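Enquirer: Take this structure first; my questions come after.
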Amino acid sequence: MKRAVLPFLSLLLSVIAMAQSEGLLPLYVSGNRLCDSLGNHITLHGVMDTPSPYFNRHRWGYVCNDTTARAAIAYYDKIFAALNNSRKGTFCDIFRLHLEPAWTNDPAKQSDGREKGEADISRFSAQRLSKYLDTLFIPIAEKALRHGLYVVMRPPGVCPHTLQVGDAYQQYLKTVWHIVSSNAYIKAHSGVISLELANEPVRVCNNEGKDSERALHDYFQPIVDVIRNNGFKGILWIPGSGYQSHYETYALHPITDSNFGYAVHVYPGWYGASDEHCSHEAFIANFEKQVPVVKTHPILVSEIDWSPPRPGKGKLNEFGQWIPENLGSWGTATTSRWGNAWKAVMDHFGNISMTLTSTDDFLDIDTYLKTGIIRPGLEGNDEACGKACFEWYKDYAKKKRTGSITP
């Protein structure tokens, strides 16, 4: 009797999972492409966000606890309805969800002071991650899936400047992904939910604290193994070093797995490309040099944005460098120069997906929440990424429907 019932239950769970995903076809990696369950080559285009009072401009509350979780979920449900609304000109189909550390840190615990900001894991609570995975993060993911958005989850916080094989942060990532990949809902939706293993490693050393060609592999392969041993079969996105801009050593020591791609970050000034240096051919060549795995695996550019400078104004960036103030993005550049050069990179390789660094980059959220009007973020400026991606994402969606997305 048990032998007859168990296969039926497994099939039933799969059917329920896909019914909850509103028709999203499961994805998998084949060669250097993302493919759906019909074998079509796919690229995905969307945004990332973090359920943080600060980054969400206090639109749903001021604290991260049980009193605001439902409001945060409701907020994202509204936002997702605007991100993928073909009748009103939006065609996002992927959402990068940050497992925000304000939910996973213990507010009663004192920091040990070894790291600052989101690199500080000394207050991390596995119990809070488990709790809010079920009561916040998965409900947000479920809303995204219902609105036709694939979901990629990234872990709480950012990497410390230097990582070393066997260090506390590697153990932290193992713990995070053990909890997430053991979750029944996550496993049941592994075809439509993928996992990005870390955010912005800078320098990664071997177990002796020295630079090594094997360091990236040896740091992230054990994390991959934890996830696979838990039975999660979905796509994994592997980060590189240099704030996710260097992947050369993976070409020599690749991750051992059959269903993964690489998560890359791209900003103006990186890869030798800027408004002042926007040769399409040079951008393509430099990207392939730093990310040679683009030839062998699919790429998710999980952070990218740009907007033009405001004349006469400036600010200090995260490195303490004085840069021109822009319309609110991390990167400063124009669509007509740097942005179009970046699009040439995507179209050249044909296997690059992307998520803008913030929902505010794409969508004028406050206008939408007040009036229901859906329009590009960053003031709708012609030279900013919001306006560009309204147009690009629509064009990619059209090519996907007609089967002409592959170059």
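Enquirer: If I ignore ligands, DNA and RNA and count only protein heavy atoms, how much of M346 is accessible to a 1.4 Å probe, in Å² to the nearest 10?
Expert: Using a 1.4 Å probe on the heavy atoms, I get roughly 10 Å².
Enquirer: While we're on this one: Starting from the Cα-Cα distance between R57 and S30, subtract it from 0.36 nm times their residue separation and give me the gain in nm to one decimal.
Expert: Working: separation 27, 0.36 × 27 = 9.72 nm, distance 3.99 nm.
Fully extending the segment from R57 to S30 adds 5.7 nm.
Enquirer: Quick one: dipole size for the chain, taken about the Cα centre, charges +1 on Lys/Arg Cβ and -1 on Asp/Glu Cβ, in debye to the nearest 20. Please list the in-between numbers first.
Expert: Values: 41 positive and 42 negative charges, 252 e Å.
Dipole about the Cα centre, nearest 20: 1220 debye.
Enquirer: To the nearest 500 deg cm²/dmol, what mean residue ellipticity at 222 nm is calculated for the chain from DSSP H runs of n ≥ 4 alone, each contributing -39,500 (n - 2.57), summed and divided by the residues? Kindly include the intermediate steps, with their values, before the conclusion.
Expert: Working: 14 runs with 144 residues, N = 407.
Helices in the chain give a 222 nm mean residue ellipticity of -10500 deg cm²/dmol.
Enquirer: Explain nothing, just the number: relative contact order of the chain, from Cα pairs under 8 Å at least 6 residues apart, as a whole percent. Don't jump to the answer; show the numbers that get you there.
Expert: Values: 808 pairs, mean separation 65.5, N = 407.
It rounds to 16 percent for the chain.
Enquirer: Right, next: Using a Gaussian network for the chain with springs between C-alpha atoms less than 10 Å apart, which of these wobbles most: L38, L173, L363?
Expert: Looking only at L38, L173, L363, the biggest GNM fluctuation is shown by L38.
Enquirer: To continue, here is another question. Could you work out how much longer the chain between L252 and D106 gets when fully extended? Use 0.36 nm per residue separation minus the Cα distance between them, nm to one decimal.
Expert: Values: separation 146, 0.36 × 146 = 52.56 nm, distance 4.01 nm.
Once the chain is fully extended between L252 and D106, it gains 48.6 nm.
Enquirer: For a paramagnetic label modelled at 7 Å from the Cα of K210 toward its Cβ, which residues of the range 166-196 fall within the zone defined by backbone nitrogen distances under 20 Å?
Expert: Within reach of a label on K210, which here means backbone N under 20 Å from a point 7 Å along Cα→Cβ, the range 166-196 contributes 166-167.
Enquirer: Let me ask you something else. Return the single residue from H178, H98, H277 with maximal mean-square fluctuation; model: Gaussian network over the chain, springs between Cα atoms under 10 Å.
Expert: H277
Enquirer: Further question on the same structure: Which label belongs to the value computed from this structure, given these candidates for mean projected area of the Cα convex hull in nm²: (i) 24.7; (ii) 20.8; (iii) 23.6?
Expert: After the calculation, the listed value that fits is (ii).
Enquirer: Beyond a 19 Å Cα-Cα separation, which of these cross-linked pairs lie in this structure: K295/K399; K78/K187; K88/K387; K343/K394? Each step should come with its number before you reach the end.
Expert: Details: K295/K399 22 Å; K78/K187 26 Å; K88/K387 14 Å; K343/K394 14 Å.
Where the Cα-Cα span goes over 19 Å, the pairs concerned are K295/K399; K78/K187.
Enquirer: Against the empirical 2.2 N^0.38 Å scaling, what ratio does the C-alpha Rg of the range 131-215 come to?
Expert: Working: Rg = 15.3 Å, N = 85, 2.2 N^0.38 = 11.9 Å.
Ratio of Rg to 2.2 N^0.38 Å for the range 131-215: 1.28.
Enquirer: Once you place label points 7 Å from the Cα toward the Cβ at N317 and R70, how far apart are they in nm?
Expert: 4.3 nm
Enquirer: Write down the accessible area per residue of the chain in Å², having rolled a 1.4 Å probe over the full set of protein chains. Show your work: numbers first, answer last.
Expert: Working: 17660 Å² over 407 residues.
Dividing the accessible area of the chain by its residue count gives 43 Å².
Enquirer: Using a 10 angstrom cutoff on alpha carbons, build the Gaussian network for the chain and name the most mobile of N207, N84, N105.
Expert: It is N207.
Enquirer: Still on this structure: What length, rounded to one decimal in nm, is gained on full extension from D366 through to D167, with 0.36 nm per residue of separation minus their alpha-carbon distance? List each step's numbers first, then the result.
Expert: Numbers: separation 199, 0.36 × 199 = 71.64 nm, distance 4.22 nm.
Extending this stretch completely gives an extra 67.4 nm.
The values are calculated or read from the model by the stated rules, or taken from the named source; none is laboratory data. If you're wondering where the values come from, they're calculated on a predicted model, not measured in any experiment. Here the Cβ is made from the backbone with ideal geometry for all residues, glycine too, and neighbour counts use every protein chain on show. The accessibility values were calculated without ligands, DNA or RNA, using every heavy atom of the protein model including side chains. Shrake-Rupley method; radii C 1.70, N 1.55, O 1.52, S 1.80 Å.
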